1. Filter region 54-65 for residues that are closer than 11 Å to Leu94 by Cβ and either at pLDDT 95 or above or under 16 Å from the mean Cα position of the chain (by Cα) (or both) and give the result.
2. Within region 120-135, how many residues are surrounded by 12 or more Cβ atoms within 10 Å (Cβ to Cβ) and in contact with a Phe, Trp or Tyr (Cβ under 9 Å, 6 or more places away or on another chain)?
3. For the condition modelled with pLDDT of 80 or more and under 22 Å from Ala12 (Cβ atoms), what is the one hit in Arg153, Arg149, Arg124?
4. I'm trying to understand the selection: among the residues of region 39-79, which are surrounded by fewer than 21 Cβ atoms within 10 Å (Cβ to Cβ) and assigned to a strand (DSSP E or B)?
5. Leu139 is checked against (1) out of contact with any helix residue (DSSP H, G or I) (no Cβ under 6 Å at 6 or more places or on another chain); (2) in a loop (DSSP other than H, G, I, E, B) and fails just one. What number does that condition carry?
6. Of a type in the set (A, V, I, L, M, F, W, C), more than 23 Å from the chain's Cα centre (by Cα) and modelled with pLDDT of 60 or more - does that describe any residue in region 178-188?
7. Scan region 99-119 and tell me whether some residue there is at pLDDT below 95, within 22 Å of Phe148 (Cβ to Cβ) and surrounded by fewer than 13 Cβ atoms within 10 Å (Cβ to Cβ).
8. One residue is enough: does region 96-111 have a residue meeting the conditions closer than 22 Å to Gln57 by Cβ and of a type in the set (Phe, Trp, Tyr)?
Amino acid sequence: MVRPGRDRISGAVEVDECYVGAKKSGKRGRGAAGKALVVIIAEVVEGKKIGRIRLQQVLNASAESLEGAIKQAVEPGSIVWTDGWNGYNGLDSLGYIHEVVREQSAVGNSLLPYCHRVASLLKRWMMGTHQGAISHEHLDYYLDEYTFRFNRRTSHHRGKLFYRLIQQAVAVEATPYKNMVKHVRGRRPKQHI
């Protein structure tokens, strides 16, 4: 569902991360065990609406991981709003106008409302549509699907969505199922009754 050579987001964007996965006791936020970290990039349109989004699963909240996701999705020269997490400190040197919205990076008041709204809608979609049964190994495919749907949510021509999907399916090399599940969970033991 990702168009080859798609445009990067430009202008003003919010960037934040969220953890997705099953409920587990223990630490919330950065450092939560057994959850996947997703970077959310939301374009701010006219100061009051969410434009396009980009979602990407990253290994951790290090500067290397976060900056890589931002470089892939955001045009240099754009204004990037983040929280005070140290992983975002190098954005100015990469050619972005980095503005820290809040100094604390801890869970608390939402000063990045567009990213938090996208995170909430993403989690609700995962629980409602997929009943939370999304493995970390396949998460990237689900994030691509959600991004495709979200970025076309205001389309007045619903038939064009199917047309765009088919157009992109032809332009992108097929990914066989055996490659998607390769080395994911190993073989299931056969049970004989």
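The values are calculated or read from the model by the stated rules, or taken from the named source; none is laboratory data. Since we're looking at a predicted model, the values are computed, not measured. Cβ coordinates were reconstructed from backbone atoms using ideal geometry, including for glycine residues, and neighbour counts include every protein chain displayed.
1. Initially, region 54-65 is screened for residues closer than 11 Å to Leu94 by Cβ, giving 63.
Result: no residue meets the conditions.
2. Residues of region 120-135 that are surrounded by 12 or more Cβ atoms within 10 Å (Cβ to Cβ), as a first pass: 120-123, 125-127, 129, 132, 134-135.
Adding the requirement that they be in contact with a Phe, Trp or Tyr (Cβ under 9 Å, 6 or more places away or on another chain) leaves 121-122, 125-126, 134.
Number satisfying all stated conditions: 5.
3. Values: Arg149 fails: under 22 Å from Ala12 (Cβ atoms); Arg124 fails: under 22 Å from Ala12 (Cβ atoms).
Checking each option against the conditions leaves just Arg153.
4. Scanning region 39-79 gives Val44, Val45, Lys49, Ile50, Gly51, Arg52, Gln57, Val58, Ile79.
5. (2)
6. Residues of region 178-188 of a type in the set (A, V, I, L, M, F, W, C): 180-181, 184.
Then drop every residue that is not more than 23 Å from the chain's Cα centre (by Cα), which leaves none.
No, that holds for no residue.
7. No, region 99-119 contains no residue that is at pLDDT below 95, within 22 Å of Phe148 (Cβ to Cβ) and surrounded by fewer than 13 Cβ atoms within 10 Å (Cβ to Cβ).
8. Yes, region 96-111 contains a residue that is closer than 22 Å to Gln57 by Cβ and of a type in the set (Phe, Trp, Tyr).
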